[in-house]
1. Can you work out D for segment 10-58 in µm² s⁻¹ from Stokes-Einstein, where Rh is the Kirkwood radius over C-alpha pairs, the temperature is 10 °C and the viscosity is 1.306 mPa s?
2. Kindly express, to the nearest 10 degrees and within the range 0 to 90, the angle between helix 5-18's C-alpha long axis and the longest C-alpha principal axis of the chain.
3. As a test of the formula, what do you get for the chain when each DSSP H run with n ≥ 4 contributes -39,500 (n - 2.57) and the sum is divided by the residue count, at 222 nm and rounded to the nearest 500 deg cm²/dmol?
4. May I ask for the angle, rounded to the nearest 10°, between helix 23-35 and the longest principal axis of the chain, with both axes built from Cα atoms and the value confined to 0 to 90°?
5. Can you give the Kirkwood hydrodynamic radius for segment 7-128, in Å, rounded to one decimal and based on Cα pairs?
6. With a cut-off of 14 Å, note down the residues of segment 47-74 whose backbone N falls inside the zone around a label point 7 Å from the Cα of K96 toward its beta carbon.
7. Show me, for segment 86-102, the HN-Hα J-couplings you get by feeding each phi into the Karplus relation (A = 6.51, B = -1.76, C = 1.60, θ = phi - 60°), rounded to Hz, glycine and proline as x.
8. Which of the three applies to segment 38-83, rounded, prolate or oblate, going by the alpha-carbon gyration tensor with a ≥ b ≥ c and a/c under 1.5 meaning rounded?
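Bear in mind these aren't lab numbers, they're just calculated from the coordinates by the rules spelled out. This one's a predicted model, so the numbers in the text were calculated from it and none came from an experiment. Counting neighbours? That spans all protein chains shown, and the Cβs are built from the backbone with ideal geometry, glycine included.
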Amino acid sequence: LLNDFDSSIKSSIKALSLRPELNYVRMNLGIAYLKMSNYEKSFSAYASILRFSPQTEEYEGGIRDILELQMESPGVYPFTNFVLGQLYWQQGLYKKSRSALESFIYQKFPEEIWKKRALLLLEKMISE
């Protein structure tokens, strides 16, 4: 909340070293990296929650944070649509995931590799 991402990341990593099952900390880590435009680490932080069998409420909190970020800063953080697609996909909410990933694909984003990853997730959903 204070935009002190380095401190937030350091504290989150320490917390996870003590209690790796704290999925809300992983979500906070993901959004901090997202705000710093470190998309690979953001993606990894969100993907890592799967190892700890997240509850629906944990997903809802992380999704709510991303939706709030989109509302507070429209267009500033385009990677949020990719993350939403990822989080919905992890829960099996394929319709919502598809919508978020398609929004990501059709928006302006500087790194083409992420659009390719979004397309791969969409293809994976079709095959499941």
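1. Rounded to a whole number, D works out at 149 µm²/s.
2. On a 0 to 90 degree scale, this one is about 80.
3. Values: 7 runs with 95 residues, N = 128.
When only DSSP H runs of four or more count, the value is -24000 deg cm²/dmol.
4. Helix 23-35 sits roughly 70 degrees off the main axis of the chain.
5. Kirkwood hydrodynamic radius for segment 7-128: 14.5 Å.
6. Under cut-off, by backbone N: 55-68.
7. Whole-Hz 3J(HN,Hα) from phi for segment 86-102: 4, 5, 5, 4, 4, 8, x, 8, 5, 5, 5, 4, 4, 4, 5, 5, 5.
8. oblate
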